[in-house]
Amino acid sequence: MAFPHRPDAPELPDFSMLKRLARDQLIYLLEQQHEVDKLYKVESKPALSSNEQLCFLVRPRIKNMRYIASLVNADKMAGRTRKYKVIFCPQKFHACEMVLEEEGVYGDVSCDEWAFSLLPLDVDLLSMELPEFFRDYFLEGDQRWINTVAQALHLLSTLYGPFPNCYGIGRCTKMSYELWRRLEEEEDGETKGRRPEIGHIFLLDRDVDFVTALCSQVVYEGLVDDTFRIKCGSVDFGPEVTSSDRSLKVLLNAEDKVFNEIRNEHFSNVFGFLSQKARNLQAQYDRRRGMDIKQMKNFVSQELKGLKQEHRLLSVHIGACESIMKKKTKQDFQELIKTEHALLEGFNIRESTSYIEEHIDRQVSPIESLRLMCLLSITENGLIPKDYRSLKTQYLQSYGPEHLLTFSNLRRAGLLTEQAPGDTLTAVESKVSKLVTDKAAGKITDAFSSLAKRSNFRAISKKLNLIPRVDGEYDLKVPRDMAYVFSGAYVPLSCRIIEQVLERRSWQGLDEVVRLLNCSELAFTDTTKEDKASSECLRLILVVFLGGCTFSEISALRFLGREKGYRFIFLTTAITNSARLMEAMSEVKA
Amino acid sequence: MDCYTANWNPLGDSAFYRKYELYSMDWDLKEELRDCLVAAAPYGGPIALLRNPWRKEKATSIRPVLEIYSASGLPLASLLWKSGPVVSLGWSAEEELLCVQEDGVVLVYGLHGDFRRHFSMGNEVLQNRVLDARIFHTEFGSGLAILTGAHRFTLSANVGDLKLRRMPEVPGLQSAPSCWTTLCQDRVAHILLAVGPDLYLLDHAACSAVTLPGLALGVSSFLQMAVSFTYRHLALFTDTGYIWMGTSSLKEKLCEFNCNIRAPPKQMVWCSRPRSKERAVVVAWERRLMVVGDAPESIQYKQLTIQVLLDRLVLRRLYPLAIQICEYLRLPEVQGVSRILAHWACYKVQQKDVSDEDVARAINQKLGDTPGVSYSDIAARAYGCGRTELAIKLLEYEPRSGEQVPLLLKMKRSKLALSKAIESGDTDLVFTVLLHLKNELNRGDFFMTLRNQPMALSLYRQFCKHQELETLKDLYNQDDNHQELGSFHIRASYAAEERIEGRVAALQTAADAFYKAKNEFAAKATEDQMRLLRLQRRLEDELGGHFVDLSLHDTVTTLILGGHSKRAEQLARDFRIPDKRLWWLKLTALADLEDWEELEKFSKSKKSPIGYLPFVEICMKQHNKYEAKKYASRVGPEQKVKALLLVGDVAQAADVAIEHRNEAELSLVLSHCTGATDGATADKIQRARAQAQKK
């Protein structure tokens, strides 16, 4: 359990600096400048504060601007004057000011920026906390956050030195990378001559690998996220977990010693581990018996607190496990997983399709049904026309006609498409891919995105050996490869790509894979001289997921790190999972 | 050895001085200095001379000449003075020559005699004329103080940011003060003036009488006063030949000296050598010079930084010398060479006799891609000189496309600005340009421009989606994007319309658009939705309750739960709900109602398309084992074991599994053998397994 790192594994860089930086900036903005004493959540309802001054800390979104404008205008109507301050995070957008102006409140409001883009959620995990990134870029084609990403990378390189080896794949990755490079060039000298702390940076777009993100998670941390939703590194465990009438907010990170030992484990091992742990704990408590007074004093002052802490954590996670088991060990869940595995491996497609149909007919869950449809589409290079129609029809009947818009979104993002007759498509495709040079690319993506992108999952899976051949049972207690995060059935594509590129220190020999990923022009390696890089730093790798990453991917790469003596650090626009992906694509009635 | 000290003369008891010529002046003066207004800029800056014809009683008709020399007397400029009488000359910290006219108008010239601008010191000054003027330097810039004919002071602390301040009146002042100076205390400019034996300090609010600490008795008038360059020290010369030296705060006396000369000195100034702690006042009469020293002081000043030095060289257009100095001092490129080259380029673009191509090429050849050089700044300068084409040429050398945008917009090259903004990757910049374009172009042209720039288009669409829905529709219309138009109208059918007719109309428009987009599926689905919506409305009218916006499935379920089975059947037929769905739906609804009788009837209405296991499952979910068992017997052989286990009949499940000789089923049953009663069953299974292996 909780495999230790190899003794030569490099130290992680200190991210507390980022936290301090962000905190100090915010405190300065809130206290020094605006003397804030109470915080309210920005919701679509009137602010009840009677204060003379209102301060809004918001994402730069038009929706938020309209909300603020309506508040200001309501005050005006009521003849009330107060001061309004808007702090945009991480930056102000011209469009926002424009809306304030159009709503006639620009003069009443003063604006500020909080350039905060990197939140350390854990010792090895940085999040930009931009869940909207996924929909904005991959659905709407909105490139507004690319600048934010470049700025964040720039901040990292000023704090932790230059990155001697850079790899990337995906259009958004490429644009962000180029913008970042330009920033570095403009502010030449800042990072020059600094010793690199992190040897490699690997950037990838979420759409390079939708499949992994669409799978049900079975590693503890991922499962907790799927079941209870981890928000900003903490989770609200409801009464069913705490077995009391109150909810409990629990921080989930490496500080939680119990959690740290089970977070990367396949769920089937977790309960056994926890009960063993409980027995050990009991034994330690039991040592009290037969202690003399001095020993007892020692025990109470030194050990008891730690034991109690551990006790508390244990009971929380045991509660969570029970709750998960109630939901996930039922036959339904087993069959769901079985279907997913069948889709990944590409057998019994008809049976899986019927399963999905039944899932829809029984109205099991709109998000789950959608997820399975997408998984079927991507693994099969699109649905055959008959299924495409009938599944969609069934879905609309079950979950409401407004999802016609959802399907239009999914098609645009390439998540749910219709198989087109082979030859004609290939012709168009090759034409398109010739056109897809960087600058021309944008011009045609709109029209052809769903057409140009064939997922080619089956071929990629074969090339990269994503479905491990298993003789006998896969021992989930002693994982042998990254597939353990999906019960031994599938190696996450994203993680496999990272593994392969790191092994080669380039994309060499992966041309076919890159082509199948529709990224022929969009995969790059950028290596500088490594004379300043220590061998320790060269085993430290920053992986950047644009559009979100899942806990399963994090667990898989942590495993890979332990195997190879690397340490991985993660930077993501947000933590994601299948439900979040689907929700981002769903249209709900206004 | 004594040759080193040979030309040193004693000064007091412990100090010596010597005199030697540093360099001789190169000028060839036509006028005597005494007839001229003279102003020398600080730090060895240029010297301005203006023969002062207005001082003489009879005004001559000859226009005077304004001459500017370098500190070593090299002529820099010479121009005929055509404006009014000048009272005073002085140099600003930026080496601009300020010529204060009698009427209070101040003309500003560069050190090459190029006219820069003019400003007035106000009406009061105009009316009462300028009697005297002082240019002074503070950390905020160069200030100007005027004494008018009405014996009032007007002051501006920074001529670069002109704010006139009229100082308060000095009570009982009938004639001009015998001497005055500006002081700078607590970051505010004051005026110290002497009237007979009295001293007054003027600030912008009040006039206060002040006294000097430790002043000797018997003073009836102050003839001269001098403030040190740093405004820390002050010296006054009295009619008794007595010199008082102290701090300019007037709080402390540093020293005093009686020189026994009662004649008013021509000039009195503070001086000090660089790095010297000794300060001294030099007093000059017609034929006598006197140096008066004070106590050592520990503060040093190094005001003239290397940057200022370079600025001054640049101002004198001595670009090569400046660059050599930078290289010699090994200054970083950005602070040194690049900056000087940028200045040179800005000068170059002003050379109107050279063609745009030549200027642009010359600049690019010299500058290349030197770091820290902003081509857009140089281009802005070119545009400022009215050379738009040159500006555009220069902008092409600017590597950061984002930097090109503001100037391109200013020059009304908005379309070019748009592509540069897109190149920069800065979406905010793109949006800024879009708003410019939107105002500049007519709608059609604006849309056309967007059409060719997908990145800008999607950005603008996002904006429209929230803020300008009608524009969004127009955008789709223009592109014949019927698919998106359809989606647009579907969205509208939810958001904008409350009435059913309105919503149906919006859906109809959507369906038409989908047909145009050849998306038959979406068109049909939309038509179905229209039908459903109308029907839901009718159901609400006839049956009450809530139907509108439910999915088809939920509509039928609601009908069954409300006991309207006939209506439900009808709806299922009308919308061709597949059998399987209908069975799931009815099964769930009837179980929810716990209408077991109806459920049984339904199960026997025909052969179930979903099998009978779901019946078992749903009954068990409702904890009705009795009903569940009824259906367990009807479950097909493949799922029989599962069904029997569900209803808890482990023994029979075992029998079926054994009969099937199915290993998976056997282990499934075995895993259910938990209770003590199941012992026999478990044994039975093990025996069957053993037998199967034997065979």
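The values are calculated or read from the model by the stated rules, or taken from the named source; none is laboratory data. Note that the structure is a prediction, hence the values are computed from the model and not measured. Glycine gets a Cβ as well: all are built from the backbone with ideal geometry, and neighbour counts include every protein chain shown. Each accessible area value is taken on the protein alone, full model and side chains, heavy atoms only, with ligands, DNA and RNA left out. Shrake-Rupley method; radii C 1.70, N 1.55, O 1.52, S 1.80 Å.
Let me confirm something: among B:Ala133, B:Ala176, which residue is assigned to a strand (DSSP E or B), open to solvent by less than 50 Å² (accessible area, probe 1.4 Å), closer than 26 Å to B:Phe229 by Cα and in contact with a Leu (Cβ under 9 Å, 6 or more places away or on another chain)? Steps first, answer last, please.
Details: B:Ala176 fails: assigned to a strand (DSSP E or B).
From the options B:Ala133, B:Ala176, the qualifying one is B:Ala133.
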Of all residues in the range B:377-435 being closer than 15 Å to B:Cys346 by Cα and aromatic (Phe, Trp, Tyr), which is nearest to the other protein chains (Cβ to nearest Cβ)?
-> B:Tyr397
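Restricting to the range A:562-585, name every residue that is part of a loop (DSSP other than H, G, I, E, B) and buried (at least 18 other Cβ atoms within 10 Å of the Cβ).
Passing the criteria: A:Tyr566, A:Thr573, A:Ala574, A:Thr576, A:Asn577.
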Picked from the range B:445-458 (must be away from chain A (no Cβ under 11 Å) and open to solvent by 40 Å² or more (accessible area, probe 1.4 Å)), the residue nearest to B:Glu484 (Cα to Cα) is B:Met448
When both residues are 6+ apart or on different chains and their Cβ atoms are under 7 Å apart, which pairs have a first residue that lies in the range B:389-416 and is closer than 14 Å to B:Thr432 by Cβ, and a second that is among the hydroxyl-bearing types (Ser, Thr, Tyr) and in a loop (DSSP other than H, G, I, E, B)?
-> B:Glu403/B:Ser374
Unique match (being over 21 Å from the mean Cα position of the chain (by Cα), surrounded by 20 or more Cβ atoms within 10 Å (Cβ to Cβ) and at pLDDT 85 or above) among A:Ser176, A:Ser157 = A:Ser157
Inside the range B:88-102, the number of residues satisfying the requirement of being open to solvent by less than 40 Å² (accessible area, probe 1.4 Å) and more than 33 Å from the chain's Cα centre (by Cα) is 9
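Report those helices (runs of 4 or more DSSP H) wholly inside the range A:142-241 carrying at least 3 residues which are under 29 Å from B:Pro371 (Cβ atoms). Give the steps one after another, and end with the answer.
Values: elements: A:144-160, A:171-186, A:210-214, A:220-228.
The qualifying helices (runs of 4 or more DSSP H) are A:144-160, A:171-186.
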Search the range A:344-358 for residues that are away from chain B (no Cβ under 14 Å) and pair each with any residue that is part of a helix (DSSP H, G or I) and surrounded by 19 or more Cβ atoms within 10 Å (Cβ to Cβ) when their beta-carbon atoms are under 7 Å apart and the residues are at least 6 apart or on different chains.
-> A:Leu344/A:Thr379; A:Gly346/A:Thr379; A:Ser352/A:Thr339; A:Ser352/A:Leu343; A:Ser352/A:Leu376
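So which helices (runs of 4 or more DSSP H) stay within the range A:421-523 end to end and still have 1 or more residues that are within 14 Å of chain B (Cβ to nearest Cβ) and modelled with pLDDT under 90? Write out each step before concluding.
Numbers: elements: A:422-435, A:438-452, A:457-464, A:493-504, A:511-516.
The helices (runs of 4 or more DSSP H) meeting that bar are A:422-435, A:438-452.
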Among the residues of the range B:606-624, is there at least one that is in contact with a Leu (Cβ under 9 Å, 6 or more places away or on another chain), surrounded by 16 or more Cβ atoms within 10 Å (Cβ to Cβ) and under 27 Å from B:Gly679 (Cβ atoms)?
-> yes
Which residues, counting only those in the range A:236-250, are β-branched (Val, Ile, Thr) and at pLDDT 90 or above?
-> A:Val250
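What do you reckon, is B:Lys580 within 14 Å of another protein chain (Cβ to nearest Cβ), under 23 Å from A:Pro366 (Cβ atoms) and part of a helix (DSSP H, G or I)?
On the way: within 14 Å of another protein chain (Cβ to nearest Cβ): yes; under 23 Å from A:Pro366 (Cβ atoms): yes; part of a helix (DSSP H, G or I): yes.
Yes: the conditions hold for B:Lys580.
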Name the residue, out of A:Glu113, A:Glu129, A:Glu197, that is of a type in the set (Asp, Glu), surrounded by fewer than 24 Cβ atoms within 10 Å (Cβ to Cβ) and closer than 18 Å to A:Arg567 by Cβ.
-> A:Glu197
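Among A:Gly199, A:Gly161, A:Gly170, which is the only one that is more than 14 Å from every other protein chain (Cβ to nearest Cβ), closer than 22 Å to A:Met585 by Cα and in contact with a Cys (Cβ under 9 Å, 6 or more places away or on another chain)?
Details: A:Gly199 fails: closer than 22 Å to A:Met585 by Cα; A:Gly161 fails: closer than 22 Å to A:Met585 by Cα.
The conditions single out A:Gly170.
Step by step: first the residues of the range A:42-60, then only those that are open to solvent by 50 Å² or more (accessible area, probe 1.4 Å) and touching a Cys at 6+ places or on another chain (Cβ under 9 Å), then the one that is modelled with the highest pLDDT. Which residue is that? Break it down stepwise before answering.
Step one: of the range A:42-60, the residues open to solvent by 50 Å² or more (accessible area, probe 1.4 Å) are A:42-46, A:48, A:50-53, A:57, A:59.
Still in the list and also touching a Cys at 6+ places or on another chain (Cβ under 9 Å): A:57, A:59.
Values: A:Leu57: 88, A:Arg59: 91.
Checking each candidate, the answer is A:Arg59.
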Quick check, is B:Val108 assigned to a strand (DSSP E or B) and either among the basic types (Lys, Arg) or buried (at least 22 other Cβ atoms within 10 Å of the Cβ) (or both)?
-> no
For the range B:524-565, enumerate the residues that are closer than 14 Å to B:Leu590 by Cα and more than 10 Å from chain A (Cβ to nearest Cβ).
-> B:Thr558, B:Leu559, B:Ile560, B:Leu561, B:Gly562, B:Gly563, B:His564, B:Ser565
Can you tell me how many residues in the range B:625-661 are open to solvent by 10 Å² or more (accessible area, probe 1.4 Å) and part of a loop (DSSP other than H, G, I, E, B)?
-> 6
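From A:Glu303, A:Glu310, which residue is at pLDDT below 90, within 22 Å of A:Asp256 (Cβ to Cβ) and touching a Lys or Arg at 6+ places or on another chain (Cβ under 8 Å)?
On the way: A:Glu303 fails: touching a Lys or Arg at 6+ places or on another chain (Cβ under 8 Å).
Answer to the check: A:Glu310.
Evaluate the range A:94-103: report whether one residue or more is more than 14 Å from chain B (Cβ to nearest Cβ), open to solvent by 70 Å² or more (accessible area, probe 1.4 Å) and either free of Cβ contacts under 8 Å to residues at least 60 places away in the same chain or touching a Gly at 6+ places or on another chain (Cβ under 9 Å) (or both).
First pass over the range A:94-103, keeping only residues more than 14 Å from chain B (Cβ to nearest Cβ): none.
Looking through the range A:94-103, none of the residues is more than 14 Å from chain B (Cβ to nearest Cβ), open to solvent by 70 Å² or more (accessible area, probe 1.4 Å) and either free of Cβ contacts under 8 Å to residues at least 60 places away in the same chain or touching a Gly at 6+ places or on another chain (Cβ under 9 Å) (or both).
Residues in the range A:262-269: is at least one open to solvent by 80 Å² or more (accessible area, probe 1.4 Å) and either out of contact with any helix residue (DSSP H, G or I) (no Cβ under 6 Å at 6 or more places or on another chain) or aliphatic (A, V, I, L, M) (or both)?
Residues of the range A:262-269 that are open to solvent by 80 Å² or more (accessible area, probe 1.4 Å), as a first pass: none.
No, the range A:262-269 contains no residue that is open to solvent by 80 Å² or more (accessible area, probe 1.4 Å) and either out of contact with any helix residue (DSSP H, G or I) (no Cβ under 6 Å at 6 or more places or on another chain) or aliphatic (A, V, I, L, M) (or both).
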Scan the range B:138-150 and give yes if some residue there is within 21 Å of B:Gln224 (Cβ to Cβ), open to solvent by 20 Å² or more (accessible area, probe 1.4 Å) and more than 34 Å from the chain's Cα centre (by Cα), otherwise no.
-> no
Condition broken by B:Pro399, with the remaining ones in (1) open to solvent by less than 50 Å² (accessible area, probe 1.4 Å); (2) modelled with pLDDT under 85 satisfied | (1)
Closer than 23 Å to B:Phe119 by Cα, among the aliphatic types (A, V, I, L, M) and surrounded by 20 or more Cβ atoms within 10 Å (Cβ to Cβ), is that true of B:Ala189?
-> yes
Could you check how many residues of the range A:342-351 are in a helix (DSSP H, G or I) and either more than 27 Å from the chain's Cα centre (by Cα) or farther than 24 Å from A:Asn465 by Cα (or both)?
-> 3
Kindly list the number of the only condition in (1) at pLDDT below 90; (2) assigned to a strand (DSSP E or B) that fails for B:Thr181.
-> (1)
Looking only at residues in the range A:381-404 that are within 11 Å of chain B (Cβ to nearest Cβ) and of a type in the set (D, E, K, R), which one is surrounded by the most Cβ atoms within 10 Å (Cβ to Cβ)?
-> A:Lys392
Out of (1) at pLDDT below 95; (2) more than 14 Å from chain B (Cβ to nearest Cβ), what's the single condition that is false for A:Phe134?
-> (1)
